[in-house]
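One structure is given below, encoded as structure tokens.
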């Protein structure tokens with residue numbers, strides 16, 4: 001399979017909230033991934049950093065910040081910003097270099113130190129920035145958008161607050177044994193119901209936290225993997241970073257309005273769905289082939305939307321799928337066996353990389369305490385601001 | 001609350017009173033008909049539109065002042081700056097409203113005396129103007145949705 005790259009190593013710095021410099025988390029993750037791969041840093045020919053706009057100047061130049069911390073080695077570098085999909089875009093940059101034959105082995109790193117409370121726009125007076133304007137003119141924090149999707153789902157598909165709570169209970173149970181998760185205890189439906197409403201109908205425990213954390217991968221050509229004696233590595237066979245198709249008729253952060261569908265019909269697949277299906281097409285698989293999926297559960301309700309977007313069920317079928325137990329560990333296709341954002345909280349530029357770390361450990365059969373039996377094919381998907389999203393298919 | 005304060009829009013050119021009704025001001029492509037809000041003066045973004053795409057195809061367009069709620073929520077906690085919150089903070093509702101004529105969904109705060117419990121998906125709402133925040137000099141206004149459309153304005 002010439003279009004695949006090997007995942008030689010995966011590493012993370014645990015998620016939490018310490019307020020230390022993000023480079024520290026990225027460095028720890030990078031060293032863990034290099035050790036896992038059995039590759040020395042000076043061997044790395046290309047380093048891709050996942051960037052963020054929040055953790056200050058070095059966050060914009062993540063690739064170089066991590067390369068400097070590891071010790072300048074002359075490796076080529078790039079930094080990728082794509083909001084929540086930054087990590088996948090960095091993986092894609094490394095993959096392209098490898099598949100083009102321009103390098104044999106690359107390091108991908110993302111890390112964040114997230115502020116307390118709501119994410120907020122970059123500071124200063126920025127009346128040309130839609131992200132600044134939605135806070136200024138609407139007071140629309142991220143949970144406001146998550147809540148709009150959740151309420152819509154209740155109205156159109158009959159989702160209930162109990163369904164949303166059941167997603168949290170499931171993911172909390174999955175994350176209990178994950179040493180890298182920030183929250184590792186069971187949560188009951190009553191605890192979700194009793195937590196304060198942040199944006200009706202979503203409670204505090206329906207919404208993912210903002211976290212510190214770091215994640216890294218060592219990627220290589222299949223030849224390089226073989227030269228290191230790794231004959232059957234986890235492989236990335238599909239990766240999509242597609243943009244929406246006009247008209248984008250689903251309200252998205254940080255938009256004030258959707259595109260109009262007056263002059264052009266909405267695309268056959270809405271944006272989130274198109275992200276996953278582009279990766280399926282590239283990998284030559286379909287949703288029926290999945291052993292597991294890591295989806296971006298910014299809210300409990302959004303996890304249900306993802307079930308449909310990635311094709312686990314028809315639109316409107318997510319509640320039944322959840323209630324059947326199919327998406328819990330032990331079910332047909334466990335979703336977020338890592339515990340998902342519910343247990344991690346979001347460390348934006350690290351998160352898409354962390355998802356692929358989980359796929360890697362699951363596909364190796366090394367996800368202790370949360371292992372999906374005989375995992376062969378995994379999907380990781382996310383969506384971020386400004387029309388970004390990503391999907392990664394990994395196989396063993 | 002002072003009533004002698006000046007009222008000023010919190011943002012220039014996004015909404016106006018036209019023929020006694022508050023209207024959102026956007027633009028519209030004269031070639032394919034696609035409306036835009038907030039206004040787009042750069043180029044029509046419909047990739048299949050044959051307009052010159054130099055901005056000359058875009059004209060000002062006042063959007064429909066009425067629509068139906070696509071979804072709604074509220075903000076129970078003080079949003080971070082640059083939102084200017086009253087002290088003490090008062091939760092407010094937000095609605096995403098589907099405009100039938102424009103075939104698009106537009107966000108807006110809901111007038112202060114209406115809570116999320118008063119709203120429902122599919123409910124008819126109309127546009128009005130409300131105070132977003134105030135300082136010593138002036139009240140700064142923004143477009144807001146309120147339930148119910150007046151029958152005499154139905155055309």
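None of A:73, A:86 is at negative phi, free of Cβ contacts under 8 Å to residues at least 40 places away in the same chain and assigned by TED's automatic domain parsing to the domain that holds residue A:34 except A:73.
For (1) within 14 Å of chain B (Cβ to nearest Cβ); (2) over 17 Å from the mean Cα position of the chain (by Cα), each residue gets a yes or a no:
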site: A:236; (1), (2): no, no
site: A:255; (1), (2): yes, yes
site: A:285; (1), (2): no, yes
site: A:307; (1), (2): no, no
site: A:316; (1), (2): no, yes
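Identify all residues within region A:92-104 that are farther than 16 Å from residue A:383 by Cβ and either touching a strand residue (DSSP E or B) at 6+ places or on another chain (Cβ under 8 Å) or modelled with pLDDT under 95 (or both); write none if there are none. Within region A:92-104, A:93, A:94, A:95, A:97, A:98, A:99, A:102, A:103, A:104 qualify. Restricting attention to region A:83-104, does a residue exist that is more than 17 Å from residue A:352 (Cα to Cα), away from chain B (no Cβ under 14 Å) and touching a helix residue (DSSP H, G or I) at 6+ places or on another chain (Cβ under 7 Å)? So far as region A:83-104 goes, yes, one or more of its residues are more than 17 Å from residue A:352 (Cα to Cα), away from chain B (no Cβ under 14 Å) and touching a helix residue (DSSP H, G or I) at 6+ places or on another chain (Cβ under 7 Å).
For region A:123-166, name all the residues that are on the phi > 0 side of the Ramachandran plot and more than 10 Å from chain B (Cβ to nearest Cβ). Talk me through it step by step, then tell me what you get.
Keep residues of region A:123-166 that are on the phi > 0 side of the Ramachandran plot, which gives A:124, A:139, A:158.
Correct list: A:158 only.
Would you mind finding the one in B:47, B:81 that is under 30 Å from residue A:207 (Cα atoms), within 11 Å of chain A (Cβ to nearest Cβ) and in a loop (DSSP other than H, G, I, E, B)? Result: B:81 is the single residue among B:47, B:81 that is under 30 Å from residue A:207 (Cα atoms), within 11 Å of chain A (Cβ to nearest Cβ) and in a loop (DSSP other than H, G, I, E, B). Against the test of being within 18 Å of residue A:224 (Cα to Cα), under 22 Å from the mean Cα position of the chain (by Cα) and surrounded by fewer than 19 Cβ atoms within 10 Å (Cβ to Cβ), the options A:10, A:96 yield a single qualifying residue, A:96. Of all residues in region A:365-377, exactly one satisfies the criterion of being more than 20 Å from residue A:176 (Cβ to Cβ) and either free of Cβ contacts under 8 Å to residues at least 12 places away in the same chain or crowded, with 17+ Cβ neighbours inside 10 Å (or both), namely A:377.
Quick one: which of B:55, B:33 is within 7 Å of another protein chain (Cβ to nearest Cβ) and in a loop (DSSP other than H, G, I, E, B)?
Checking each option against the conditions leaves just B:33.
Residue A:115 meets the conditions (1) in a helix (DSSP H, G or I); (2) surrounded by fewer than 17 Cβ atoms within 10 Å (Cβ to Cβ); (3) at pLDDT below 95 in every case but one. The failed one is (1). Here the strands (runs of 3 or more DSSP E) wholly within region A:153-261 that include at least 2 residues being in contact (Cβ under 8 Å) with a residue 60 or more places away in the chain are A:212-220, A:234-240. Can you pull out the residues in region B:90-112 that are touching a strand residue (DSSP E or B) at 6+ places or on another chain (Cβ under 9 Å), surrounded by fewer than 24 Cβ atoms within 10 Å (Cβ to Cβ) and not in a strand (DSSP E or B)? Correct list: B:91, B:100, B:101, B:103, B:111, B:112.
Kindly evaluate residue B:68 against the criterion of being at pLDDT 95 or above, surrounded by fewer than 18 Cβ atoms within 10 Å (Cβ to Cβ) and at the interface with chain A (Cβ under 8 Å from one of its Cβ atoms). So residue B:68 does not fit the description; no.
The values are calculated or read from the model by the stated rules, or taken from the named source; none is laboratory data. All figures in this text were calculated on a predicted structure; none of them were measured in a lab. Ideal geometry is used to build each Cβ from the backbone, glycine not excepted, and the neighbour counts take in all protein chains shown.
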